[in-house]
Every structure is written in C-alpha cells, then in structure tokens.
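Data first, discussion second: the structure below is written as structure tokens.
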Amino acid sequence: MEVYFDNAATTKIIPEVRQIMLELMDEEYGNPSSMHKKGVEAEKYVRYARNVISKQLKCDAKEIVFTSGGTEANNLALIGIAMANKRTGNHIITTSVEHASVYNPVLYLEEQGFRVDFLRVNRDGKVDLEHLKALLCEDTILVSTMAVNNEIGTIEPIEEIAKMIKDYNEKIIYHVDAVQAFGKMIIYPKRIGVDALSMSGHKIHGPKGSGALFVDSKVKMIPIIHGGGQEKGMRSGTENTFGIAGMGKATEVIYGRLEENRAVMQQVKDALIAGATKIEGVTNNSGEAPHIASLSFQGVRSEVLLHALEDKGICVSAGSACSSNHPAISGVLKAIGLDQDLLESTLRFSFSEYNTVEEAEYTVKVLEELLPVLRRFTRK
C-alpha cells in the first residue's frame, strides 16, 4: 500500500486544476499584459482567479496580489509593509513558532534596524495574548502570526489577536500567514481586522509556484521585486498565468466541498492518533487543525523512523518541508516545551480528503511492527 501523509508539504493536483492549466498551456498561451487577442484571452484567466479568491475572502479583487507562492507572499508582506511604514515606527512583533518564510524575513528586518520581539506560546502552541498585550507599544507598526501551525496544527486565535491589536492602535498592521489555513477553514480578513494574508496554491491541490497575498487597500506597502509593473506595481514579472488559473480553480473546487473535506481529514487524523498513542512511548502533540498530526516516538530518531516508514510505502515528514535541506531541531517543538528526549523523535503526518481511515490503520500497524525493532537497534 502507498500512503501519502505529507500533504502539509504539498498536495497532488486535482483533475479540474489540471484541465484549466492545460487549456492555458495549449491554447491561451499569450502574455496577459499583451494587448492583442491572445493576451486578452490569457488575462481573462488571471481575472477569473483574482475574482474567485477575493470572493472567498470577501475582499475587493484589487486587494489580491499574485506571487510565486507562500514564501514570496510572506516576504512581500513583511518587508514591503515594514519598509513602507518605517517612518511611523520600527517595532515588529511575531511569534516563536513561525515558518522560516516569516522568521527569516523578520531577522533580515532586524538587521536593517527594526526592533523585533517574539511572542511566547503555551504548551499547545497558542500565542500568549498577555505577552502580546505587554509588547504592544507606540513604535509597533507590524504584527505577524500564522493562522495554523505547519508542524503541529495549532489553530491560532487570529480574531482575538486582531481585536487586541486594533483596540490598542488601529494603525498597527496585522499580517497572517494563512498558508496552512487557506482551503482548510473560512477566513474573512477584513471582517476580523487582518490587514494582510498570505496563501499558497500547492497546499490546496493547485500547482507549485502559485501564491497570493491579500493586502487591504488602506495598507502602505512597497514592492520587493521591481520591473514591468505587473500586479499594480506590487509584483513585477510576467504573470504565471496557468499557475494563477490553477490556484483559482483549486480555490473554487476546495471551498465548494470544504466541510466534507474537513470531515474526511478529521476521521483519518483521529484514527491515526487513537491507534498510534496505544503504542508504548508514543506522544501526541497535535493541535486542532484537521489535516495535521504531530507524534513523538520515544527512543527512535525521527529521520530513522521516517525512512523506515518510507520503505513500507508511507510518506511523512520530520517537520517543515522547507527546512528539510537544513536539518535542525524544530524551533516549534522547543517553543512548546516538548521534552528534550522527544525533540529529535517527532514526525508530522498531514492529510488531504484523498486519504482514508484504512491508510491510517495500515500506518498504525506498521508502527507497531517497526518501533520495537528500531528501539532495540537504537539501544545497541
């Protein structure tokens, strides 16, 4: 049996997405900035995707900027907004559990003279709201938190965070990395006080190389990529037309069956956790998101178990796929206070609506067989 439990890293493209992308590659291959017929036809697909995403977020289509993915969306939001507003203040707040595409741009901004504070989280990975309240000050210009943690699946209280920020100073800009939330839950950013929100296409059965950033029209932001002025000057470069159209179609399809998808993923997650935690030395670190489970396996290094599972046809992750080329102990697991002996013994299992309870049961069976053997080998 082949089991793909790494959907938080990337998802497979669904037929509806493949079809619209093929149409563009084969027939409507024009540059959407061109004024002739081929360009106009290609531009229609870009407009279609912009309208689909803006309708889902309940924002204006003009507030959607297409990017090459979630990483660029986060970089554009953080660097573009911080640099545009540096005369107002120089203080940025983020959390200790962010994805590298937020954490590293923030460190870059710190090198440019901005003052950065990192919010504490509790054992479940949730932001400490009292700490946020204490950190907000007259120099704060930007706060950035994720909506769903990519390693353990914690759902952050973004509505409460937004209210606290806006009650303190409505001019502070609040950015949310929603890469693991978009397509899994409903978010209406303008209604709850979120000023910028990052999304990725390949996490929702769209193509890799597609992403988007919602930026409220009142927010000052400067581009970080300069050139021909596409995307209203916010993201120059010829639009990745079939990637954008694919992300638009994925958004349309996935949100059309959101509740059914969530129910399937929750069943698979529950079956895996229920079975795995009956095994001696297995600890559950998972948050509430239906598509992510984090399990620690005492006495076995995560990399060893990952490859042992791979040999049995099961694909999982030892953390964020974006960090897999730079192995290190997870900052998320350290931030939530996971026991020292489990920091290098934790795996992420992540699901889509194409997974089944039978796959979860098979994975549990394999774990029951592998863990005693691997632990004996480790002790030797």
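Of the residues making up region 159-171, none is open to solvent by less than 20 Å² (accessible area, probe 1.4 Å) and in contact (Cβ under 8 Å) with a residue 40 or more places away in the chain. Number of residues in region 186-215 that are open to solvent by 10 Å² or more (accessible area, probe 1.4 Å) and either closer than 28 Å to Glu23 by Cα or among the polar types (S, T, N, Q) (or both): the value is 4. When only residues in region 81-108 that are farther than 16 Å from Thr145 by Cβ and aliphatic (A, V, I, L, M) count, which is surrounded by the fewest Cβ atoms within 10 Å (Cβ to Cβ)? Checking each candidate, the answer is Leu107.
Would you mind stating whether Lys62 is closer than 17 Å to Gly183 by Cβ, open to solvent by 60 Å² or more (accessible area, probe 1.4 Å) and modelled with pLDDT of 95 or more? So Lys62 fails the test.
In this entry, Val179 is excluded by the filter for residues that are in contact with a Phe, Trp or Tyr (Cβ under 8 Å, 6 or more places away or on another chain), buried (at least 24 other Cβ atoms within 10 Å of the Cβ), assigned to a loop (DSSP other than H, G, I, E, B) and at negative phi. Take the conditions closer than 17 Å to Thr251 by Cβ and within 15 Å of the chain's Cα centre (by Cα) and apply them to Ala100. Does it pass? No. Selection of region 221-264 for residues being open to solvent by 60 Å² or more (accessible area, probe 1.4 Å) and aromatic (Phe, Trp, Tyr) yields only Phe242.
Just one of the numbered conditions (1) in contact with a strand residue (DSSP E or B) (Cβ under 9 Å, 6 or more places away or on another chain); (2) modelled with pLDDT of 95 or more; (3) open to solvent by 10 Å² or more (accessible area, probe 1.4 Å) is not true of Lys218: (1).
Is it fair to say Gly153 is more than 29 Å from Thr346 (Cβ to Cβ), surrounded by 19 or more Cβ atoms within 10 Å (Cβ to Cβ), modelled with pLDDT of 95 or more and not hydrophobic (A, V, I, L, M, F, W, C)?
Considered against the rule, which asks whether it is more than 29 Å from Thr346 (Cβ to Cβ), surrounded by 19 or more Cβ atoms within 10 Å (Cβ to Cβ), modelled with pLDDT of 95 or more and not hydrophobic (A, V, I, L, M, F, W, C), Gly153 comes out as no.
In the set (1) polar (S, T, N, Q); (2) closer than 30 Å to Thr88 by Cα; (3) at pLDDT 95 or above, Ser296 fails one condition alone, (2).
Apart from one condition, Ser317 fits all of (1) within 30 Å of Ile53 (Cα to Cα); (2) over 21 Å from the mean Cα position of the chain (by Cα); the exception is (2). With respect to Glu138, is the statement that it is surrounded by fewer than 24 Cβ atoms within 10 Å (Cβ to Cβ) and either assigned to a loop (DSSP other than H, G, I, E, B) or modelled with pLDDT under 95 (or both) true? In short, yes. In the set Val143, Val121, only one residue is surrounded by 15 or more Cβ atoms within 10 Å (Cβ to Cβ), touching a helix residue (DSSP H, G or I) at 6+ places or on another chain (Cβ under 6 Å), more than 26 Å from Ala318 (Cβ to Cβ) and at pLDDT 95 or above; that residue is Val143. Here the strands (runs of 3 or more DSSP E) wholly within region 36-130 that include at least 2 residues being touching a Gly at 6+ places or on another chain (Cβ under 8 Å) are 64-67.
Identify, please: which residue in region 327-380 is of a type in the set (Phe, Trp, Tyr) and assigned to a loop (DSSP other than H, G, I, E, B) and is, among those, most open to solvent (accessible area, probe 1.4 Å)? For region 327-380, the residue satisfying everything is Tyr354.
The values are calculated or read from the model by the stated rules, or taken from the named source; none is laboratory data. Just so it is clear, the structure is predicted and the values come from calculations on it, not from any experiment. Neighbour counts run over all protein chains shown; Cβ positions are idealised from the backbone, glycine included. Just so you know, the surface numbers come from the protein's heavy atoms only, side chains and all, with ligands and any DNA or RNA stripped out. Shrake-Rupley method; radii C 1.70, N 1.55, O 1.52, S 1.80 Å.
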